[in-house]
Amino acid sequence: MHAYLQLVGKRLLTYNIVTLRLLCATSYHSVALAKFKDEKGYFNEDVSGDVKGLLSLYEAAYYRVNEEQVLDEALVFARTHLEPITQLDDSPWASQVRHSLKWPILKGLPIRESRHFMSIYQQEESHNEAILKLGKLDFNLVQKLHQHELNILTKWWMDLDTPTTLPFARDRVIECYMWPLGGFMRPDYTTGRIFVTKITALVSTLDDIFDVHGTIDELESITKVMERWEITDEDVLPSYFKFWFKTLLDVFAEIEAHVSKEGRSLCMEYAMEAVKQIVRAFIKEARWYNKGYVATMEEHVPNGYVSIGYPLAITVVYCGMGEVASKEVFEWLFSQPNPKILVAGSSIARLMDDIVSHEFEQERGHVASSVECYMKQYGVSKQEAYVGLNNLVEKLWKDMNEDLMLPLKAPLPILMTIVNMVRVMDLLYKDEDTYTHAKTFMKELLTNILVDPVPI
C-alpha cells in the first residue's frame, strides 16, 4: 500500500506541475508555485526524482516576470536537477532533456517544435496512432505549401539578376523566409509571408549598403531620398541604389494592391513609416562609425532595436494578417512609447545578433556593437560583457511575458506574432550568426522543416 501511495503521489505531483505550467502561461503562477515548496521555503526535493515533473516545472518557470523571485528559484532548481540527466545515455529522457535545456517551450519555434514533438510522442507506448498520423500528414501538407511559396520567392530573386544589379547582395532569400515562416505560420497567410520575405531580403541588402558599400555622402543622399520616398533629377546616387529603390516600390505596389482589396490600405502608411524609421537608424549608425564614436548602451539599444529590422518586419507581417490587424492594432504598434513587447522583443534580437556577430563585423569595419558599447561603458572584458548582455536578454524576456499577461493590450495573434519572430532569433542566433554563415545549423534547419517530409 505504501508503494502504491508513493506512486499515486508522484503522478499527482506530475499532474499538478503540468497544471502549473498552464497556469504560468496564463499569468496565475505565484500562488500555484508556492505549493511546491516545503515549510522552509525550499522547493520540495520529492520533485527531483520525477523527470517529467521536473521538465514541466522547468518549462513553467520561463513564464517569469520582473520582480518575482519564486519563478527564478524554480528555474534554477529544475535546471540543476535536469542537467545530470543529459549525461545518462541509457535514460529515455536524456535526449528530450537536452533539447528542453537548450530550447524551452517558451522560446521554441512552433514549426520546429511540432516536428520534434512528433518524434518524441511516437516513442511513447501510449501514443495514439491515428492522431500521430494526422499530425504527420498535416505537417507534410503545410510543408508543400511552404515549398510553393519558396519557389515564388526564389524566382522573384533570380529575376532581379542580383549578381549584375546588386553584386554585393547576400543570396539569402531562403534564409529571409525563416522569419515570416516562424512569425505567422497559418496556411492562409501565404501572401503575407511572401511580402515579408521580399521586404526582409531588400532591407538586408540596404543594411549592407549602409554598413559596407556606401560612402557617408552617398548614405546621406540615400537617407534624403527615403524620407521623400522619391528620386529627383537632382539626386546623385549610385546606380545600384536606384535599382534597389525601384524594386522596393514595386514590392510596395504589390502589397498595396493586396491590402486594398481587403479595405486595409491604411496599413501602407505605417509600412512606409517603418522603412523610414529603419533608414534613420541606419544613418545614425553610419554617422557614429564615420566619427569613430562608441555609443552608450542608452543610445545604442533604442537605435539598435530599430536597425535590427524587427519593427519593420512586424509591421509588414501585420499588413498580411487580414482583419485581425486592425487600425487600432497599427495605432498600438506605433504608439509612443512603443509597446513593451515590441521594444523587448526587438532588443533581444539586437543583443543576440551583436553577441554572436560582432567580431566578424568589427574585422570588416562596422559601428560599435552592443558588446563594444557595454565594454567601454562599464570598463569590463569581452567575456564579462557577454554575461551582462545575456542577463539583459533574460530580463527582456520577462518584459515580453508581462505584456502577455491578462488583460491583453492587443489581440493574442498580434502579440504571439512578435513572440514567434523573437523565437526565430533565439533559434538562429543562440550560438552563432547562422544568417551570415548559412552553411551550418541553418542548412540543417531548412532541410528539416522545408525539404524532408515526416516519414509516415
Number of positions in segment 258-293 that are under 16 Å from Cys373 (Cα atoms) and among the small types (Gly, Ala, Ser): 2
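Within segment 345-359, can one find any residue that is surrounded by fewer than 17 Cβ atoms within 10 Å (Cβ to Cβ) and closer than 24 Å to Ile209 by Cβ? Spell out the reasoning first.
Restricting attention to segment 345-359, the residues satisfying the condition of being surrounded by fewer than 17 Cβ atoms within 10 Å (Cβ to Cβ) are 359.
Still in the list and also closer than 24 Å to Ile209 by Cβ: 359.
Yes, the conditions are met somewhere in segment 345-359.
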Number of positions in segment 203-235 that are of a type in the set (D, E, K, R) and not in a helix (DSSP H, G or I): 4
Conditions (1) under 30 Å from His366 (Cα atoms); (2) touching a residue at least 60 places away in the same chain (Cβ under 8 Å); (3) out of contact with any Asp or Glu (no Cβ under 8 Å at 6 or more places or on another chain); number of the one not met by Thr205: (2)
Pairs where the first residue, in segment 218-234, is under 11 Å from Ile283 (Cβ atoms) and in the same structural domain as Thr247 (by TED's automatic domain parsing) and the second is crowded, with 17+ Cβ neighbours inside 10 Å and aromatic (Phe, Trp, Tyr), C-beta under 6 Å, 6+ apart: Leu219/Phe210; Ile222/Phe241
Given (1) crowded, with 21+ Cβ neighbours inside 10 Å; (2) in a loop (DSSP other than H, G, I, E, B); (3) charged (D, E, K, R), number of the condition Arg193 does not satisfy: (2)
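Of Glu67, Glu59, Glu113, which residue is among the charged types (D, E, K, R), not in a helix (DSSP H, G or I) and not assigned by TED's automatic domain parsing to the domain that holds Lys395?
Numbers: Glu59 fails: not in a helix (DSSP H, G or I); Glu113 fails: not in a helix (DSSP H, G or I).
Answer to the selection: Glu67.
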Lone unmet requirement of (1) within 24 Å of Tyr318 (Cα to Cα); (2) in contact with a Phe, Trp or Tyr (Cβ under 6 Å, 6 or more places away or on another chain) for Ala78: (1)
Subset of segment 103-152 (residues that are among the basic types (Lys, Arg) and free of Cβ contacts under 8 Å to residues at least 60 places away in the same chain): Lys144
Test: residue in segment 148-163 that is within 30 Å of Leu248 (Cα to Cα) and part of a loop (DSSP other than H, G, I, E, B): yes
Single match in Lys409, Lys395, Lys376 (criterion: surrounded by fewer than 18 Cβ atoms within 10 Å (Cβ to Cβ), assigned to a helix (DSSP H, G or I) and more than 18 Å from the chain's Cα centre (by Cα)): Lys376
Segment 296-355 - residue that is more than 19 Å from Trp397 (Cα to Cα) and among the acidic types (Asp, Glu) and, of those, modelled with the lowest pLDDT: Glu323
Residue in segment 444-456 that is more than 20 Å from Pro104 (Cβ to Cβ) and of a type in the set (Ser, Thr, Tyr) present: yes
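The values are calculated or read from the model by the stated rules, or taken from the named source; none is laboratory data. This structure is a prediction, so every number in the text was calculated from the model and none was measured. Quick reminder, even Gly has a Cβ in these numbers, built from the backbone with ideal geometry, and neighbours come from all protein chains shown.
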